[in-house]
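This report refers to the structure that appears directly beneath it.
The values are calculated or read from the model by the stated rules, or taken from the named source; none is laboratory data. Model, not experiment: these values are computed from the prediction. In this analysis, Cβ positions are derived from the backbone assuming ideal geometry, glycine residues included, and neighbour counts consider all displayed protein chains.
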Amino acid sequence: MRISDLAAEAGVTVKAVRYYEAQGLLKPRREANGYRSYEPDDVVVVREVKALLSLGLTAEQTYPFIECLRAGNARADVCPASLTAYRSRIEEVDRRIAELTDLRARLTDLLTDAESWRTNDGRPAECG
């Protein structure tokens, strides 16, 4: 299968397939004419990588999932290393939620303070 066929079947661009290859997620064979040649299983790999990237995982964090598929598993997320990668991403999301919650509280406090601010004679500020 050629790169354009793989990209079309997996629902990604040729550029994405080349990126996945550069990251070591795909290992195409080279035909005599120099063209890349992909296996039907590579469609599953590309779809999995695309799905994982959409969840905010990095290309590097997708390796355990791809290894799990290549080991012959029907799912990429049933291996211990894949589960660890999920847990790691959940921890990252939890940290980000905490950061955003703190930021929201600080902004809300600033807004409340600004809305209640009055001039020396007790009137709200007037702006241009």
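Just a few scattered comments:
- Identity of the residue in segment 1-10, part of a helix (DSSP H, G or I) and among the charged types (D, E, K, R), that ends up surrounded by the fewest Cβ atoms within 10 Å (Cβ to Cβ): Asp5
- Once segment 11-60 is narrowed to residues that are surrounded by fewer than 16 Cβ atoms within 10 Å (Cβ to Cβ) and basic (Lys, Arg), the residue that is farthest from Ser82 (Cα to Cα) is Arg30.
- Residue within segment 57-66 that is small (Gly, Ala, Ser) and closer than 23 Å to Gly11 by Cα present: yes
- Selection from segment 57-90 of residues that are farther than 16 Å from Asp41 by Cβ, among the charged types (D, E, K, R) and in a loop (DSSP other than H, G, I, E, B): Asp77
- Of the candidates Val43, Val49, the single residue that is assigned to a helix (DSSP H, G or I), over 14 Å from the mean Cα position of the chain (by Cα) and hydrophobic (A, V, I, L, M, F, W, C) is Val43.
- Restricting attention to segment 23-73, the residues being touching a Pro at 6+ places or on another chain (Cβ under 9 Å) and touching a residue at least 40 places away in the same chain (Cβ under 8 Å) number 1.
- Residue match in segment 101-120 (condition: among the small types (Gly, Ala, Ser) and either part of a strand (DSSP E or B) or at pLDDT below 95 (or both)): yes
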